[in-house]
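S.K.: One structure is given below, represented as structure tokens, and several questions about it will come after.
Where a number appears in this text, it was derived from the coordinates with a stated rule and is not lab data. All of these numbers come straight from a predicted model, not from anything done at the bench. Note that each Cβ is placed from the backbone with ideal geometry, even for glycine, and that neighbours are counted across all protein chains shown.
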Amino acid sequence: MSELKAALAALAGRTAGGTPMSEAATTPKPLTPSALSAHPSWFVPPHLLRLPAVRTAAFAAHDCSRAACANPQDFDCVYRYGLALQELAGRLGSQPADQLSLLHQAAEVYLEASRLTGDRHAAVLYNWAVALTDIACFWNALVSDIAACLLACPRLQTTGRWR
């Protein structure tokens, strides 16, 4: 949820708290140590590299990951990594856990890319919003599935209690 607030605030030219951004807040901050190397979870899970249906996209995301870690201040490398993660997540139709994980990673990478440009790059903000929207859709589908399972339970229907 905080990622969504930060994205919407950046679009409106404010901080997540609702106050207008100062000039210091809108200029990119140097990353020391880089956010990419500070997040060991920013990698492509190895089992995705072995799936024939997504192998090409997984290797592309893996290559972009290595380039972004090697050049954390290079906007193009970081942004391409976010795009590759989002593309890979889109190709994983039957694996929602992996999709959700990759979308979370993509949202983090887009956040880092937006910081590198001072929150002024429209394509980054757009793709960040798409990733966050996809995450929200997953949560809505999950809640619907849980509700359907609970309603299908015979004990719950007859007694109104789970236990």
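S.K.: Return yes or no: is residue 140 without any contact (Cβ under 8 Å) to a residue 12 or more places away in the chain and either more than 25 Å from residue 71 (Cβ to Cβ) or surrounded by 16 or more Cβ atoms within 10 Å (Cβ to Cβ) (or both)?
M.R.: Taking the combined requirement at face value, the residue satisfies it.
S.K.: Could you give me the residue pairs with C-beta distances under 9 Å whose first residue belongs to segment 83-97 and is assigned to a helix (DSSP H, G or I), whose second residue is among the charged types (D, E, K, R) and surrounded by 15 or more Cβ atoms within 10 Å (Cβ to Cβ) wherever it lies, and which are 6+ apart or on separate chains?
M.R.: Pairs that qualify, where the first residue is assigned to a helix (DSSP H, G or I) and the partner is among the charged types (D, E, K, R) and surrounded by 15 or more Cβ atoms within 10 Å (Cβ to Cβ), are 86/134; 88/98; 89/98; 89/134; 90/134.
S.K.: Related question: Is it true that some residue in segment 103-121 is of a type in the set (Ser, Thr, Tyr), touching a helix residue (DSSP H, G or I) at 6+ places or on another chain (Cβ under 8 Å), in a loop (DSSP other than H, G, I, E, B) and touching a residue at least 24 places away in the same chain (Cβ under 8 Å)?
M.R.: Within segment 103-121 (the criterion being of a type in the set (Ser, Thr, Tyr), touching a helix residue (DSSP H, G or I) at 6+ places or on another chain (Cβ under 8 Å), in a loop (DSSP other than H, G, I, E, B) and touching a residue at least 24 places away in the same chain (Cβ under 8 Å)), the answer is yes, since at least one residue qualifies.
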